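Contents: one structure, followed by commentary.
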Amino acid sequence: MAETNVTNVSLNSSLLQTSRVYEENGQHRLESYGLALPILVAEVLALKDKHAELSVKISPSGWAWMVCNRRLLVWMFKTVVPGKYNAIITMCEYTNFLLQTPPCHELSLGPSSLSHKASLVTVIPHAADGGATAACLAVSPEGAVRYWANVAHESSFVEISSELKGEECTAVALMQTNQCIISTSTSSLMLVSLPSGQSGLQCQTLRIPQGVLKGISRRMSSLFFGSATSQSVSESFHQLAAGEMLADDTVAFYVLCGSALQKWAVSGEQERMLYQCNVEQFVSDCLSHEIWHQDAARLPKLKTWLLDMEVTKDGVVVLAAGMNPDVSSNVHYCIGELHTAGFDSPRSFLSFSVVPFTNIYTEEDENQLLGYSMLLPDPSSARVYLYQKTAILCTSGFDFNGELADTCSACMKCVVTNVQHTVDKLEFYAGGDKIVGAGQYGGAAVFFSSVRGLLTVKNIMPPTEASVGESVTEAASKLETSVGMMVTDDKIAELSISEDDTNHLKAAFLHYCRGNRVEAQHVVDKLFSSDLPGATEVDGHLDGMVVRFSEEMMDDFPASDPRWAETHNSVGSSVSLILIHQLEDKLKAHEYFIQFLKNIGLWSRLGYLTIRSVVMQTSFVLCEHAEKLVAARTLRELHTQYQDIVDQAVYSVLEMRGESVPSSGLTAADIFYRQVSRLEEILAALVDIEEQKIAGDMSPRDVVTLVATVNTIVGGMLIDAVQYRQSALEEYQCTLPWTAYDGPQGVRTVLIKQHSLTVEKAIPETQDSQERGTLFQQLLELTSAILDSYKTQLDAVKMTSDHPTQQYLELLRRYEEGRTKLIEPFVRHKQHERASALAEKFEDFMTLIQICEDTNNQDRLHRYMTQFQARGFADFVFKWYLDKGKRGKLMASFLSSHPQLSGFLQMGENRFMSWLYDISTNNFLNAHQTLYELGVDEKASASKKKTLLSLSKLAALATEDPPESIHNNLEAIADEQDLLLQQEQLPDDVVESLGLEADKMYVYTPKELIQLLIGEFNAHADEFHFKKALDLLAYINKTDADYEILLTQIWCQAILRDDWSAINPDDHLEGCRDTVFFKTVELVHSTGIDLKDYLPMVDVILNNELLADFKENTNFQFLIKACFEQIFRVLKSS
């Protein structure tokens, strides 16, 4: 059934209620409950990961809480409406009221290797303020108990450990004595006393007595709580529930475990088990008689299971299941009531009923079959709701007073009711929806849907005789009737003999709709007489036919509308005259067409089609058609509410198409909604109209209203379409959905433009926090839709190749850039929760880190480190701190002890930080080695190199028992430092000539230093400079080809420093003594260096190209040779 909006406004009541009907089935209706969800809760539902563990509890006190990973959200869901609504209200006032959302408190649960669950949390309303505020107790699966005295104060809590020794907690129950009971998977029990006065949070283990309690007076006394010997008990746990008050300070609670029901009493810190009874035996006895009419002892293979229990005013109601494999594999469900008041163990059920509903048992489905829970909102109504993740069974006719029960004649123990039970089933499948929690409030059954939030099931009156006249219309709305019955036999015959194969497919489908499956199969077999096309074929004949026919049904004319009589040739996919029902009929016809393809053998043979230049699976094209029908239905639902702008957009689309409204009485809406295949065109039209209006003369208030309206329409259409797609992902292979198309009028392009308008035009004009909250929530949904479309497309492109293609890498780049840009406005406007929700879902790690830094929330950062560990989140964190220049914070926070930090700091440029990490962990040897390697490799800065080498020496000195390698490193460091000293001692002329600053020089090599000392930049070079140049040769390997060249150049440059033509040939030896060359020789000789190793032969020097200008100068040749002769004589004599 279509979703419809039902608004009930009572002008004489203080209660205003708005609800949305999701499904009607028999005598029950599933509809929304209460006001809008808190923003934080709505964000979790909208952005949760499909693998996230989500659970909810609903309390009769009006409080609800949700657990998602380590997040605990607590809010009041009961509605409180201001007294002004007793009078007549305006639509504006009513809309503002509906937009109100209750406050929500977010608490952080402790770390756990297991999944947190809502069943391990309880909220304790404060009686002093009528329950408007509350305390909260949460238990981790490992048994850590955390207590908040007020949920409004997140950081103010106390915590203790219950010391479970490996057991896992499963449930917690709040009792009336300011105490809680915790149960484990093996039915161990713990009593938690909440803080009161000066006493703190306390926890103790409850002991089960060995013997059976007998002769206990009904009057409570101190003797009742005497000591009892205990024994180890390990029973599978089913359910835990608080019970009635037994005395002023004594309260009962019940445990359903193993095959028994236990009743306990607690007074202060003392406890006692009053009794336990074998409920499973009661079930076996009654079920065997009621179903198989035999004694349980005669059914050796009878299997029974205890599933759930609910406590009523006078007793306990138990849900159980049973199966007799000797007869069939049917699992039967039954409900029995036990009278548990007082201290005597019940001997049989007070009443027993079998639910008229069965399932087929298979071992692999056992958990699902036995996964039903029971909800008994009002025992006086005789209604029970059984539910699991994907279904609710609405049952009625139960007698919880035993008034209509008869004693079983077979066993004379159990009693069975003589009431006819009815069962309606409400199922949850669309959009991956499931039930994640349930409870009751004010006698109403309340469920929590992972997609739609709070829901309730209402009983509706069965059809009366007055409605029988409508049976024809109702029957026409049924799928099998609405499709095909409006087409005559002659028309079907005409289609069957047509030369167009698509018409043959139509004929087969119409036969199928009429229930004539044999004829439908015959037509298909004849159409594809031999072999069907292969399932891997692209643009095959079958695929083209199927998609064309699907499009024709999607764009079909309403068969019974006389205004279309002269302009259509309908298949009969819709017989309604009302637009919304036409769209519903088309959706049903589409679903029936898919069923036809599967049952007739064509579905498995569908291949691929080229759509929008992309090859996609034909079945996904069909899914796209259904998505558009869903989106069109949503648009039509919103059309009445936002008629002005939607009408303008409809006219704009028709004008763009070149279509006009005929004079036959058809409206623009009739024409537009008929052609669903081009539905996306209205999205661009809506945004274009919005943009034009904003550019005109609009007040800020009107701009906000307009943008919010367009967001509501566009967001509503896309959310419903995407939910449908997600529900069908197991069946369809997603490639490029229509919502991800980028073209000029593509949906993604439109959404990005709308995102920009919301951020730039609407949000700056908001006047209060409520308006801003509404717009940011809409912006969140838009952002999620855009990024979801990217992810879907990325997944599809990735599937086409084992390795990333250029197309994939380019799309990934656009996605990552767009992701940051789209989420940035949330961070800028300090919408941190929404920003983090988006960043978590789409793994924008840099944004998550920025949020943690902006909010100074190291706990959240730590949680992300664990949550995204497999995705390399830690490296993103380390890099972010380094890039932002916050190296000190990286080393001072909890990150300094992270096990991955050491490895990260060893990579690339990060090594400049790794030595700090090593020193902080007292690993001086690693610090020395890292600093040594960094110092040796440093080329850009001489001062930095000097610092690194000095620190490396210090780290070596701090190392205990240094290995031999350190001594080699220290020698190398000394050589490096000597070179740096030589560089520091470069003449000022050289430094100034090069335009260098002493503290900003890069590191020169020995060869470069030699050239600086002997070259033209050192205009005043003397023998000491040339001596340094010769010393620098020690750092160059003699096997290096440049060694001899540099040695010769040094002496040649020394010779060129003087004017040899000015030397008197008659006193040449004395004149040579004043040259730089001769002084350098004397200086070298005076230091004890053997000149034979450093002075080349005279011919080598004279033939060097540096002295080429003197090659023909005989006087110069004479002087140089004379100098060499004198030098070698002196060397020989010495």
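Among the listed pairs K165/K841; K830/K886; K1079/K1121; K841/K879; K884/K944, which have their C-alpha atoms separated by more than 25 angstrom in this model? Pairs exceeding the cut-off: K165/K841. Cβ under 13 Å from R834's Cβ, R834 left aside: what net charge do those residues give with Lys, Arg +1 and Asp, Glu -1? Charge balance near R834 sits at -3. The stretch between K1121 and E760, if pulled fully straight at 0.36 nm per residue, gains 121.3 nm over its current Cα-Cα span. Of the residues H581, H541, H639, the one with the largest accessible area comes first in the ranking H541, H581, H639, computed with a 1.4 Å probe on protein heavy atoms. Rounded to the nearest Hz, the phi-derived 3J(HN,Hα) couplings of the range 853-861 under the Karplus curve 6.51 cos²θ - 1.76 cosθ + 1.60 (θ = phi - 60°) are 5, 5, 9, 6, 10, 6, 5, 5, 4, where x marks glycine and proline. Solvent exposure of W65, expressed as accessible area, is near 10 Å², computed with a probe of 1.4 Å over the protein chains only. Run the reach check for K506 against lysines, Cα to Cα strictly under 28 Å, same-chain hits fewer than 8 apart removed. What comes back? Here the lysines satisfying the reach criterion relative to K506 are K478, K491, K526, K586, K588, K598, K628.
For K48, no residue has an amide H sitting under 5 Å from its own, ignoring neighbours fewer than 5 places away on the same chain, with H placed 1.01 Å from N. Listed by chain and number, the lysines whose alpha-carbon sits under 27 Å from that of K303, ignoring those within fewer than 8 places in the same chain, are K263, K389, K413, K425.
Take Y808: with every protein chain present and a 1.4 Å probe, its accessible area is about 40 Å².
A simple rule links phi to the HN-Hα coupling: the Karplus curve 6.51 cos²θ - 1.76 cosθ + 1.60 with θ = phi - 60°, which for the range 510-525 gives 5, 4, 5, 5, 7, x, 9, 5, 4, 5, 4, 5, 5, 5, 5, 4 Hz, with x for Gly and Pro. Taking other residues whose beta carbon is less than 14 angstrom from the beta carbon of L137, and scoring Lys, Arg as +1 and Asp, Glu as -1, yields +2. Solvent-accessible surface (1.4 Å probe) assigned to E591 amounts to roughly 90 Å². Along the Cα-to-Cβ line of E1082, 7 Å from the Cα, sits a label point; which residues in the range 1038-1061 have backbone N less than 20 Å from it? So the set is 1051-1061. Answer rounded, prolate or oblate for the range 773-876, using the Cα gyration tensor with square roots of eigenvalues a ≥ b ≥ c: rounded when a/c is under 1.5, else prolate when a/b is larger than b/c, else oblate. Here the range 773-876 falls in the oblate category.
Charge dipole (Cα centre; +1 on Lys/Arg Cβ, -1 on Asp/Glu Cβ; no other charges) of the range 983-1121 amounts to roughly 380 debye.
Placing E154, E771 in order of accessible area, with the largest value first and a 1.4 Å probe, yields E154, E771. Rounded to the nearest 0.05, the FRET efficiency derived from the C-beta distance between M799 and K886 at R0 = 56 Å is 0.90. Listed by chain and number, the aspartates and glutamates whose C-alpha is less than 19 Å from the C-alpha of K946, apart from same-chain residues fewer than 8 away, are E909, E933, D937, E938, E971, D975, E976, D978, E984, E997, D999, E1008. Summary value for the range 949-1083: 18 percent relative contact order, contacts being C-alpha pairs under 8 angstrom separated by 6+ residues.
The values are calculated or read from the model by the stated rules, or taken from the named source; none is laboratory data. Here the structure is a predicted model, which means the values were calculated and not measured. Because the Cβ atoms are built from the backbone with ideal geometry, glycine has one as well, and the counts that use them run over all protein chains shown. To get the accessible areas, we keep the full protein, side chains included, count just its heavy atoms, and leave off ligands, DNA and RNA. Shrake-Rupley method; radii C 1.70, N 1.55, O 1.52, S 1.80 Å.
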